[in-house]
Amino acid sequence: MKKKGLVTILVIVAVVLVIYLWFKSGYNAMVEKQEAVQAQWAQVENVYQRRADLIPNLVATVKGYAQHEQGTLTAVIEARAKATSVNIDPSNITPEQLAQFQEAQDQLSGALSRLLVSIERYPDLKANENFMALQAQLEGTENRITVERQKFNEKAMEYNQYIRKFPRNIIAGMFDFEKVGYFKAQAGAETAPKVEF
């Protein structure tokens with residue numbers, strides 16, 4: 001009888017140990033994936049900050065040449081201020097917060113586009129070395145933004161899939177691991193712009 005009791009205890013201990021290891025493994029993997037999403041979000045913010053840091057230099061360079069573009073310059077400065085004021089807690093990135101952040105960044109992108117279009121009227125400015133260097137840096141930064149946003153979406157998808165699959169969704173629910181949002185294309189981006197000559 002003692003042998004049966006010992007076997008039963010060993011089986012119970014083994015089952016408890018397996019369940020513990022499964023929970024521990026699942027929880028730790030969720031933490032790692034959540035940290036990867038947060039680290040990638042920090043990189044997204046980093047490239048947006050780089051763009052925001054370039055804008056004052058661009059505005060200052062343009063001011064000297066394009067005094068008639070004061071409204072456009074003011075719009076860029078205001079959009080930059082709004083874009084840098086939207087902050088997201090990386091440990092709780094909700095789709096709503098991401099949409100608000102993206103809207104502010106899209107407004108800044110639109111203001112910058114209008115500024116760069118208005119500069120076409122100033123050939124001396126277009127030939128200015130400082131302006132050309134700033135414009136090249138800004139274009140490079142826009143490309144970096146696209147790459148980092150794509151990487152963020154990939155990390156977010158990997159994390160979201162991981163926490164939603166059964167039986168890991170049980171652990172995720174117990175420890176409040178929430179889905180994170182994605183960057184999405186601007187409204188109307190699916191329609192190609194009309195080009196007329």
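FYI, it's all coordinate maths here, none of it is from the lab. For clarity, every value in this text was computed on a predicted model and none was experimentally measured. Virtual Cβ from ideal backbone geometry, glycine too; neighbours counted across all protein chains shown.
Answer yes if at least one residue in the stretch 109-124 is part of a loop (DSSP other than H, G, I, E, B) and either surrounded by 15 or more Cβ atoms within 10 Å (Cβ to Cβ) or in contact (Cβ under 8 Å) with a residue 40 or more places away in the chain (or both), and no otherwise. Give the derivation first.
First, pick out the residues of the stretch 109-124 that are part of a loop (DSSP other than H, G, I, E, B): 122.
Okay, now just the ones that are also either surrounded by 15 or more Cβ atoms within 10 Å (Cβ to Cβ) or in contact (Cβ under 8 Å) with a residue 40 or more places away in the chain (or both), so 122.
Yes, the conditions are met somewhere in the stretch 109-124.
Can you tell me how many residues within the stretch 38-74 are among the acidic types (Asp, Glu) and farther than 17 Å from Gln107 by Cα?
Taking the stretch 38-74 first, the residues among the acidic types (Asp, Glu) are 45, 53, 69.
Subset that is farther than 17 Å from Gln107 by Cα: 69.
The number of residues fulfilling the criteria is 1.
Listed here are the residues, each with its yes/no results for (1) over 15 Å from the mean Cα position of the chain (by Cα); (2) small (Gly, Ala, Ser); (3) within 17 Å of Thr72 (Cβ to Cβ).
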{"position": "Thr84", "(1), (2), (3)": "no, no, no"}
{"position": "Asn92", "(1), (2), (3)": "no, no, no"}
{"position": "Ser113", "(1), (2), (3)": "yes, yes, yes"}
{"position": "Lys126", "(1), (2), (3)": "yes, no, yes"}
* To do: Please verify whether the stretch 2-20 includes one or more residues that are within 33 Å of the chain's Cα centre (by Cα), assigned to a helix (DSSP H, G or I) and either closer than 15 Å to Phe152 by Cα or without any contact (Cβ under 8 Å) to a residue 40 or more places away in the chain (or both).
  => no
* Structure fact -> Reported set for the stretch 129-145 where residues are over 19 Å from Ala83 (Cβ atoms) and either surrounded by fewer than 17 Cβ atoms within 10 Å (Cβ to Cβ) or without any contact (Cβ under 8 Å) to a residue 12 or more places away in the chain (or both) is Glu129, Asn130, Met132, Ala133, Ala136
* Considering every residue within the stretch 85-96, establish whether at least one is within 22 Å of Phe152 (Cβ to Cβ), part of a helix (DSSP H, G or I) and not polar (S, T, N, Q). => yes
* So which pairs qualify, if the first residue must be in the stretch 170-185 and in contact (Cβ under 8 Å) with a residue 40 or more places away in the chain, the second must be hydroxyl-bearing (Ser, Thr, Tyr) and not in a helix (DSSP H, G or I), the Cβ gap must be under 8 Å, and the two must be at least 6 apart or on different chains? -> Glu178/Thr94; Val180/Thr94; Gly181/Thr94
